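Heads up, the thing below is written out as structure tokens.
Here, each number is a calculation from the coordinates, and none is a lab measurement. Since the structure is predicted, the reported quantities are computational estimates derived from the model, not experimental observations. Cβ sites come from the backbone with ideal geometry, for glycine too, and all protein chains shown count toward neighbours.
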Amino acid sequence: MNREELGTYISDTYGVEPDMPWADEPGYEVFRHENNRKWFAVIMDIPRNRLGLPGDEMTDIVNLKCDPVILGSFLAEPGFFRAYHMNKENRITVALDGSSDEEKLKFILDMSFELTAPKLKRKK
């Protein structure tokens, strides 16, 4: 899945359009919940070597929140990395260059959406 396909999938699935909060980073798109403004996906373009990959050309990635219990198992998969520039215990980076499994990416995206969703308050 590439950047454009992921953006379209997020828009179609969750009804959310990206915002670009950093004027100096036009390649960064943030997808947030409408009601609590927490972000569940950030699409960025970064140099490949920041992920430990060869070369310094730019590549698209997405950062997602992930359950720390299963995060390690995804890191063994191609295209999945410790979070770039974020908390590495509960965030994961996924390459958008075709190297990651699309169904696994969608699974983590759904998890990120749920983990960042507003919590329902219980009545006492």
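Worth pointing out:
- Over 22 Å [Cα-Cα, segment 3-115], rounded percent: 27
- Lys pairs, the chain - Cα-Cα below 30 angstrom, 8 or more residues apart or on other chains: 21
- Over the chain: helical MRE at 222 nm, DSSP H runs n ≥ 4 each giving -39500 (n - 2.57), nearest 500: -8500 deg cm²/dmol
- Residue-by-residue Karplus 3J(HN,Hα) for segment 45-62, coefficients 6.51, -1.76, 1.60, Hz, glycine and proline x: 10, 9, x, 4, 5, 5, 9, x, 8, x, x, 10, 6, 6, 9, 8, 9, 10
- Note on E89 and E34: their simple-model spin labels are 3.4 nm apart, each label 7 Å out from Cα toward Cβ.
- Basic side chains Lys and Arg get +1 at the Cβ, acidic Asp and Glu get -1 at the Cβ, and with that the dipole of the chain about its Cα centre reaches some 1140 debye.
- Using the Karplus relation 6.51 cos²θ - 1.76 cosθ + 1.60 with θ = phi - 60°, the per-residue 3J(HN,Hα) values for segment 19-32 come to 10, 10, x, 10, 4, 7, 10, x, x, 9, 10, 10, 10, 10 Hz, with x marking Gly and Pro.
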